[in-house]
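Below you'll find the structure, written out as structure tokens, and then a few comments.
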Amino acid sequence: MKRTIELNGNRYDMPAEVGNVQELLGHLELAERIVIVEMNRDILAKDAYDLPINDRDQIEIIHFVGGG
Amino acid sequence: MSERYSRQELFAPIGEDGQIQIRKASIFILGAGALGSSGAEMLVRAGVGRVTIVDRDIIEWTNLHRQQLYTEQDVIEQLPKAVAAEKRLTAINSDVAVTGIVVDVTQQNVLDLMTGHDLVLDATDNIETRLLANDAALKLGIPFFMGACVGSYGLTFPIGIQDNQPCLHCILETLPSQTLTCDTVGVISPIVVTTAARQVADVLKYITRIPFEPKLESADLWTGDRASIGVASMKKAGCPSCSENAVYPFLSARESMKTAVLCGRDTVQLSWPTSRKFELIPFAESIRGSVSKLIHNPHLVACEYNGHRIVLFRDGRMLVHGTKDVVTARNIAARLLG
């Protein structure tokens, strides 16, 4: 089933192979980074990254970078 | 000169009273690179009372596209950033007492440098120094306005604004093995200015005593992505940096980077604390475009960068060949590792 979510304020069509938050981070090449993930207004603990992503979920991801 | 700040005072949330508070503010700016240039210029133009800006580096041609305080002549004269920044900021607003200090901020000097200021503006280029500054600001009881950017992406997080808010150490559960840096993925000036602008807007709210909720925020000017996360729930009751029994681990020798000049070898060794784990393959991939003669095996990553042979061992040691200068070596490490 096609899932469309809101990712960091933008409409985002979920790739079929991405089922949960961990897989989304991998798809976005953020799996190796330090990230804070908010899903439907709740911050997710790392052990909740296996939560499935559903149609119309709102996800915000902030990753840490070094530069300045 | 009385009309100098009239347009700022006309902005109702600041007003004449706010301008008086701005005038009293004493600000410590950690870094005089891109964010430091941009943030310092805004604050000096706004008419703060005092700015101390510190940096360990000199100005290079590769800085000029985004580090707005500097000129070609500064590069030709090989001026330290802190020196050129003081000169330019004083020329912009001679009302402000600007002090530029050429120094490598470490656990030994950070408290002395920051003491006497009302707040710290983050403009450093690496996570180690951010965690050091987080601890130092918490110990001194002053807020720390974090900001970082690479590529077209930046994030901000004001720390120490409210009781019971998390600090940087609370929200970084583990130390990153490596973060993206301007020397590995590049950077464009619009995100520098945007990130600094958000930091400075929060600074102005703080010093004019406008209550606001400290949020972790990010923006990507290329993709249009943006995020704003209220991280209050991430406050850790036993955080070693901000709980009642804080021990400020990054101010102690155990959690700080060790440096050693290897005698007769023209080499500096940098050793990170064991809490920082290094992943060699992702590191090697991330620097591939920035270095030459890259090799990696299960034990180490070696490459050449700006004329220096660099070797990073899995146990958290880096050898920087071709220099006896610790600051140069730390600078290279920050550029590649973040």
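The values are calculated or read from the model by the stated rules, or taken from the named source; none is laboratory data. It should be emphasised that the depicted structure is a prediction, and the values quoted were computed from it without experimental measurement. Quick reminder, even Gly has a Cβ in these numbers, built from the backbone with ideal geometry, and neighbours come from all protein chains shown. Each accessible area value is taken on the protein alone, full model and side chains, heavy atoms only, with ligands, DNA and RNA left out. Shrake-Rupley method; radii C 1.70, N 1.55, O 1.52, S 1.80 Å.
Worth a mention:
- Taking the protein heavy atoms of the protein assembly as shown in the context of the full set of protein chains, the accessible area attributed to carbon and sulfur is 51 percent at 1.4 Å.
- For chain A: relative contact order, % (alpha-carbon pairs under 8 angstrom, 6 or more apart): 42 percent
- Helix axis angle, B:326-337 relative to chain B longest principal axis, alpha carbon, degrees: 90 degrees
- With R₀ set to 41 Å, the beta-carbon distance separating B:Thr115 from B:Glu279 gives a calculated FRET efficiency near 0.65.
- Heavy-atom accessible area with a 1.4 Å probe sorts B:Thr223, B:Thr274, B:Thr179, A:Thr4, largest first, into B:Thr274, B:Thr223, A:Thr4, B:Thr179.
- For segment B:6-251, the dipole from Cβ point charges (+1 on Lys and Arg, -1 on Asp and Glu) about the Cα centre works out to 480 debye, to the nearest 20.
- Length released on extending from B:Ser189 to B:Arg254, taking residue separation times 0.36 nm less the Cα-Cα span: 19.7 nm
- Å³ per residue enclosed by the Cα convex hull of the protein assembly as shown: 147 Å³
- A quarter of the convex hull surface defined by the alpha-carbon atoms of segment A:4-63 gives 3.6 nm² as the mean projection.
- Cβ-based charge dipole, chain B, positive-most Cα from B:Gly289, B:Leu319, B:Phe157: B:Leu319
- Its Cα gyration tensor gives chain B an equivalent ellipsoid; the semi-axes, largest first and in whole Å, are 33, 23, 19.
- When chains A and B come together, the accessible area they lose, probed at 1.4 Å and totalled over both chains, is close to 2400 Å².
- Viscosity 0.692 mPa s, 37 °C: Kirkwood-radius Stokes-Einstein D of segment B:31-122 over Cα pairs, µm²/s: 248 µm²/s
- With coordinates expressed along the principal axes, the C-alpha atoms belonging to segment B:1-66 extend over 40, 22, 22 Å, beginning with the largest.
- Helical mean residue ellipticity (222 nm; -39500 (n - 2.57) per DSSP H run of 4+; nearest 500) of chain B: -9500 deg cm²/dmol
- Rolling a 1.4 angstrom probe over the protein heavy atoms with all chains in place gives the protein assembly as shown an accessible area of 44 Å² per residue.
- The angle between the Cα long axis of helix B:15-24 and the longest principal axis of the Cα atoms of chain B comes to about 40 degrees, rounded to the nearest 10.
- The phi torsions of segment B:297-311, fed into the Karplus equation with coefficients 6.51, -1.76 and 1.60 and a -60° offset, translate into couplings of 9, x, 9, 7, 10, 10, 6, 10, 8, 6, x, 10, 7, 10, 10 Hz, rounded to whole numbers, with Gly and Pro shown as x.
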